[in-house]
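The values are calculated or read from the model by the stated rules, or taken from the named source; none is laboratory data. All values derive from a computational prediction rather than experimental measurement. Glycine also receives a Cβ, built like all others from the backbone with ideal geometry; neighbour counts cover every protein chain displayed.
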Amino acid sequence: MEILYIALLTLVAATVGTITGFGTSTLMIPILVMFFPPAEAIFLVSIIHWFGSLWKAVLFRSGFNLHLLLLFGAVGLVASYFGAYISLGSNEQVLLRLLGVFLAVYALFLIFQSKFKIPANNLTAVSGGALSGFFAGMFGIGGAIRGAFLAAFDLPKLVYIATAGAIGLLVDSTRIITYFVGGATLPKELWYGLLVFIPVSFLGAQIAKKIIDKIPQNKFRVIVALFLLAAGIRLII
């Protein structure tokens, strides 16, 4: 896959990922694993995703929920390490399909059972941090699960995005280090490609910031669910 195509994918994923709050990985990983070895694709996207989380945290910095950040982030750090460590020798394809089934079923339930939601309490935050951190480390995809659990707290749009971005920064830092120490690397052209992908991810976040204000608050939860469904179906296929 040429650098230009990856850059276009990064732009779309960064825009959509910022709007929904679950980051670029959910859209990029299922596509890139068709062209690159899974470990290589996950490592590449983890770097791009780290910067994507940084852009969200900076652009929407007035909206942090510190309490959720601490609960999600602390356990997410540990879980991300274990997920990344295990992924270095796991069958990623089977596990990605299992994750896809989970996301699709959960998203469908959100869409058709609008009154249902996970209880908004500390246990939910800790569980969400553990699951999203582990799956982020294992598959490179954790933001969608994080978004599902954050949705339980019915956060305002800006707070939702900023908090998800800050949590993503913590989790991504841990797994990138674990991947690198474990021997993960990229071809030379992809290292150079990051000089394009990273600025493009910022452009996507900027576009999302303009679009997000036009999305009605009462439809935001449904939009998140639809993207979760799309991600789940893509992983299953």
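Assorted remarks:
- Among the candidates 171, 222, residue that is β-branched (Val, Ile, Thr), in contact with a Leu (Cβ under 8 Å, 6 or more places away or on another chain) and farther than 30 Å from residue 85 by Cα: 222
- Of the helices (runs of 4 or more DSSP H) that lie entirely inside segment 57-163, those containing 1 or more residues that are over 18 Å from the mean Cα position of the chain (by Cα) and modelled with pLDDT under 80 span 66-87, 92-112.
- Segment 188-232 - residue that is among the charged types (D, E, K, R), loosely packed, with under 14 Cβ neighbours inside 10 Å and in a helix (DSSP H, G or I) and, of those, modelled with the lowest pLDDT: 219
- Residue within segment 140-151 that is closer than 21 Å to residue 50 by Cβ, among the small types (Gly, Ala, Ser) and exposed (fewer than 15 other Cβ atoms within 10 Å of the Cβ) present: no
- Residue check, residue 34 in a loop (DSSP other than H, G, I, E, B) and either of a type outside the set (Asp, Glu) or surrounded by fewer than 19 Cβ atoms within 10 Å (Cβ to Cβ) (or both): yes
- Some residue of segment 20-29 being surrounded by fewer than 24 Cβ atoms within 10 Å (Cβ to Cβ) and in a helix (DSSP H, G or I): no
- Index of the failed condition, residue 185 passing every other in (1) over 23 Å from residue 59 (Cα atoms); (2) surrounded by 19 or more Cβ atoms within 10 Å (Cβ to Cβ); (3) among the polar types (S, T, N, Q): (2)
- Residues in segment 152-169 that are surrounded by fewer than 23 Cβ atoms within 10 Å (Cβ to Cβ) and over 17 Å from residue 48 (Cβ atoms): 152, 153, 154, 155, 156, 157, 158, 159.
- Residue satisfying condition, being assigned to a loop (DSSP other than H, G, I, E, B) and hydroxyl-bearing (Ser, Thr, Tyr), within set 178, 174, 185: 185
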